[in-house]
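J.: Quick one: this structure, given as structure tokens, is what I'll be asking you about.
Nothing in this text is a laboratory measurement; each read-out follows from the coordinates by a stated rule. Note that the coordinates shown come from a computational prediction; the quantities given were computed from them, not determined experimentally. Neighbour counts are summed over all protein chains in view; Cβ atoms, including those assigned to glycine, are modelled from backbone coordinates with ideal geometry.
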Amino acid sequence: MHSFPFKDWLRQLRERAGSATELTRSLHCPPTSWLHWIEDCTSTNGYRREDALKRIAGLPVEVRAQALRFVLARLNDWVAPVRTAANTAAIALLVDDLELVWIEELPAVVALLRAGRSDQRAFIEQVQTFFFSSPSRRRALMQAMPSYGVAARRWVAQSGWLAGTLPERTQGLVAALTGPDAVVARAALAVALAADSEFSSRPEVLAALNQIRLPRLRLLVLRQRQAEGQFPPPDAVALALGPHRATREWLCFHADTALKERLREACVSALSGSCSDRPSGLRGAALETLYLVDSRACQPWISSLQTDAEPRTRLSAFHLALKAASGTERGALALRTLADPAPKLRKLGVRAIRRGHALCDTSQLLALGREHPDAWPQVLSAAQVFGAVAGLRMVLQLTLLRNEIPKHLHRALHAASARLRRSVYAPSESESVELAALWSQAITKHPNLKEAQ
């Protein structure tokens, strides 16, 4: 655990109060040595630390609120009697008057789970019971949860289904299942799918299993239902037309003839008509599902939807078209995706070219760069598949098309130059003459390129 700056805190506390006497008077505490006791919590003498912790439990509420963080720091003390005294003092501070202070210091409590000197699980369970046995304290903790770190947020989320009444715990489990945290959602799913779980028959939990955001966990639910003989699920069509590709492919792979026919009819219905009356992404998901259950019936839709108004639909159409095409046809499709204004489609084209799936040459990429200057980053990324000489030649040719060089083109020029210097193959005499001429033209037009030479 990180050490707390006790001395600095005490100095600032005294400066705000003016003096220790005024501070104790403002806290309705007799001018005794309570500040000295808090200071003794950081003493190098274990007996003084132990004595100070025993006295802190008897201080007024206002003082104990300031002392809580010191007590929590001593729960992982290297002296066993000091840890015992700190545990006793911390339990004595679990009162309603210090609820807000405990909420503020909860990350320090959760950090005790990683403490190496003692097992503080019993104390943390008492803190858990303190918060989740009261609906008001539970609500206050849930409101503060977004401000915590990852460890504290996960502890609060998992405590939501471990403590409290059954309806409250069910609500906490549902929130964890449908939340964005994969670790918490996986733990909640294990609880929900357990054979002896008290949540397995709750309708709220059964509904939440269909609303899990994470695709891998959705697949776990489907596999569990298949093992229990509950496949296909009633919402199989909705799952196949949902946003998760992994779920869609698994469903189509395990679908029987009747389910495939249902999916085909649903896909044709979703693809028919205009996209204005369809939810976003539905037509793209329907196209991919139709390809999985009936690839021949899907071919006319693949061609027609490449000009669809929705980028998600065009992405699915080009993805399937690239999968079915070969040779020069695939290269032409990749160039069309690079010319598309949607960033994800351009990324698809770059990936196809760089993986060697689509065949094209630098002249085609250069022509595309002339027609679509906004696609230069993707064109330069795709050009890395070619040799060092061809890549540098194309970058230099692109620099001559602009009066001012954008940052991404400047970076590409540096990268292409470095790549050529590292290459084990030296350019031929004609290539050297051509590159030198292009360099000369580029430096004449852009004098600041001399540093990249």
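J.: Where does helix 407-422 land angle-wise versus the long Cα axis of the chain, in degrees 0 to 90, nearest 10?
T.: Rounded to the nearest ten degrees, it is 80.
J.: Gain in length, GLN441 to TYR425, computed as 0.36 nm per residue apart minus the alpha-carbon separation, to one decimal in nm?
T.: Values: separation 16, 0.36 × 16 = 5.76 nm, distance 2.45 nm.
Answer, rounded to one decimal: 3.3 nm.
J.: Of the cross-linked pairs LYS344/LYS407; LYS347/LYS407; LYS323/LYS407, which ones have a Cα-Cα span greater than 29 Å in the structure shown? Let's see the in-between values first.
T.: Details: LYS344/LYS407 21 Å; LYS347/LYS407 19 Å; LYS323/LYS407 34 Å.
Over 29 Å Cα-Cα: LYS323/LYS407.
J.: Report the label-to-label distance for ARG225 and MET142 in nanometres (one decimal), using points 7 Å from each Cα along the Cα→Cβ vector.
T.: 2.7 nm
J.: Report the Stokes-Einstein translational diffusion coefficient (µm² s⁻¹, integer) for the chain, Rh taken as the Kirkwood radius over Cα pairs, at 25 °C with viscosity 0.890 mPa s. Let's see the in-between values first.
T.: Values: Rh = 28.4 Å.
D, rounded to a whole number, is 86 µm²/s.
J.: Please provide three numbers in whole Å: the alpha-carbon extents of the stretch 147-249 along the principal axes, with the largest listed first.
T.: Here the Cα extents, ordered largest to smallest, are 37, 28, 17 Å.
J.: While we're looking at this one, here's another question. How high is the FRET efficiency between LEU162 and LYS323 when r is their beta carbon distance and R₀ equals 51 Å, given to the nearest 0.05? Don't skip to the answer; put the middle values down first.
T.: Working: r = 47 Å, r/R0 = 0.92.
Approximately 0.65, to the nearest 0.05.
J.: To the nearest 10 degrees, how steep is helix 343-354 against the longest Cα principal axis of the chain, on a 0 to 90 scale?
T.: Tilt relative to the chain: about 60 degrees.
J.: Just to confirm the number: angle between the C-alpha axis of helix 80-92 and the first principal axis of the chain, 0 to 90 degrees, nearest 10?
T.: The answer is roughly 90 degrees.
J.: Compute for the stretch 51-128: radius of gyration divided by Kirkwood radius, i.e. Rg/Rh, restricted to C-alpha atoms, rounded to two decimals.
T.: Ratio value, two decimals: 0.92.
J.: Another question about this same structure. Using just the alpha carbons, could you tell me how many Å³ per residue the convex hull of the stretch 227-316 encloses? Could you put the intermediate results ahead of the total?
T.: Numbers: hull volume 8.0 nm³, N = 90.
Convex hull volume per residue, Cα atoms: 89 Å³.
J.: Report the FRET efficiency, 1/(1 + (r/R0)^6), for THR257 and LEU206, where r is their Cβ-Cβ distance and R0 is 22 Å, rounded to 0.05. Before the final figure, lay out each step's value.
T.: Numbers: r = 28 Å, r/R0 = 1.26.
According to the calculation, E is roughly 0.20.
J.: In percent, how large is the relative contact order of the chain, given Cα pairs closer than 8 Å and 6 or more residues apart? Can you show the working numbers first?
T.: Values: 480 pairs, mean separation 24.1, N = 453.
Worked out over the chain, it gives 5 percent.
J.: Towards the positive end of the charge dipole of the chain, with charges on Cβ (+1 Lys, Arg; -1 Asp, Glu), say which of TRP102, SER133, ALA388 has the farthest Cα.
T.: Most positive-ward Cα: ALA388.
J.: Enumerate the calculated ³J(HN,Hα) couplings along the stretch 280-288 in order (Karplus 6.51 cos²θ - 1.76 cosθ + 1.60, θ = phi - 60°), each rounded to whole Hz, writing x wherever the residue is Gly or Pro.
T.: So the Karplus estimates, Gly and Pro as x, are 4, x, 5, 5, x, 5, 5, 5, 5 Hz.
J.: Given +1 on the Cβ of Lys and Arg, -1 on the Cβ of Asp and Glu, and no further charges, what dipole in debye does the chain carry about its Cα centre, rounded to the nearest 20? Present the calculation step by step, with values, prior to reporting the outcome.
T.: Numbers: 58 positive and 42 negative charges, 177 e Å.
Charge dipole, the chain, about its Cα centre: 860 debye, nearest 20.
J.: Next question. Measuring from label point to label point, each 7 Å out along Cα→Cβ, what is the GLN384 to ASP97 span in nm?
T.: Result for the modelled spin labels: 6.4 nm.
J.: Measuring from label point to label point, each 7 Å out along Cα→Cβ, what is the ARG117 to ALA297 span in nm?
T.: 7.0 nm
J.: Still on this structure, please answer the following. For the stretch 387-453, max minus min Cα coordinate along each principal axis, in Å, sorted largest first?
T.: Cα extents, longest axis first: 32, 20, 18 Å.
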